[in-house]
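Reading through the structure tokens given below for one structure.
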Amino acid sequence: MGDAISSLLFQPPPPTRLKESKVIWLTNSYGKRIPAFFIECPKDNTGRGLRSPLPGEQRGGSHSDGYGQYHQQQQQAPATPQIRTPKELEAASSAHGRNALSRVPTILYSHANAEDLGNIYPWCKFLSKMLGVNIFAYDYTGYGLATDQGDPSEEYCFADISTAYTYLTQTLLIPPTSILLYGRSLGSGPSCFLASRTAEEGHAVGGLILHAPFMSVYRIVIESGCTLPGDRFPNVDFAPSIRSPVLLIHGTKDSIVPFNHSERLLETVIEPYRADPLFIKGMGHNNVHASVRPLFI
């Protein structure tokens, strides 16, 4: 039964390639090597993130988005976000200490099922440019450049995101409060796990974004009323212990993960940490295209 569920849950796409010099290699607690990348957003002369103006905004001046003050460049759009090599990142941390990367929030991005680093790179770069944040994304064991590391599993996914988080906090010296978790679909599982774990350890992350999340894998098929033996990614069980602001994003026409999963998850988050959800009328599971993108910003 477990193998059958795993084969349906994890469906890695044909691996896409990234320039080897830009890949950050991490080793999880099971000894599996997984790739990652770090996209750094452009900054102003105070070290704050620069972003592109949103539709309807004028260039110049500054804009407060509730997390920090993100200034727009005068007269011209911000420079393009850059993917950084491991040497560049570690040199920046060594030279400038803890504040080098923590002035700008870093999104720890956990991708969906049929994706890997290569095909999410354009979306991550777009998010960095439009939000004025850094993005750190990683592949799960068994995905992308890690297809030779064995089959993916829930245990490996939890170990993978934990390893990514450790790299951010211990190697790059980014404090937990400057890290925002973003989990899309399958990625909501490891993201909820890590948000819950860091809260229980007394070092809650800065925030959690769940895009088309599910309560648990079994509940996508049947509402069991509880977490059954063998179920995977029980987000509904992790949610009550999360102590970070939680934003849920879901399309009302999602035919893969029913929309009510986000509604039910929101109910299980402690009220002070519930952000106003972004429920997009008529949107499905995968149609995040140009006409919808501005709704995410």
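Pro240 - would you say it is assigned to a helix (DSSP H, G or I) and surrounded by fewer than 21 Cβ atoms within 10 Å (Cβ to Cβ)? Explain how you work it out, then say what you get.
Working: assigned to a helix (DSSP H, G or I): yes; surrounded by fewer than 21 Cβ atoms within 10 Å (Cβ to Cβ): yes.
Judged against the criteria, Pro240 is a match.
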Listing of helices (runs of 4 or more DSSP H) fully contained in the range 149-221 that carry 3 or more residues being farther than 19 Å from Ile39 by Cα and either open to solvent by less than 10 Å² (accessible area, probe 1.4 Å) or at pLDDT 95 or above (or both): 154-166, 188-200
For the subset of the range 254-297 comprising residues that are charged (D, E, K, R), assigned to a loop (DSSP other than H, G, I, E, B) and modelled with pLDDT under 90, which member is surrounded by the fewest Cβ atoms within 10 Å (Cβ to Cβ)? Lys281
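The values are calculated or read from the model by the stated rules, or taken from the named source; none is laboratory data. These numbers come from a predicted model, not from an experiment. Note that each Cβ is placed from the backbone with ideal geometry, even for glycine, and that neighbours are counted across all protein chains shown. Please note that ligands, DNA and RNA were not included when accessible areas were found on the heavy atoms of the full protein model with its side chains. Shrake-Rupley method; radii C 1.70, N 1.55, O 1.52, S 1.80 Å.
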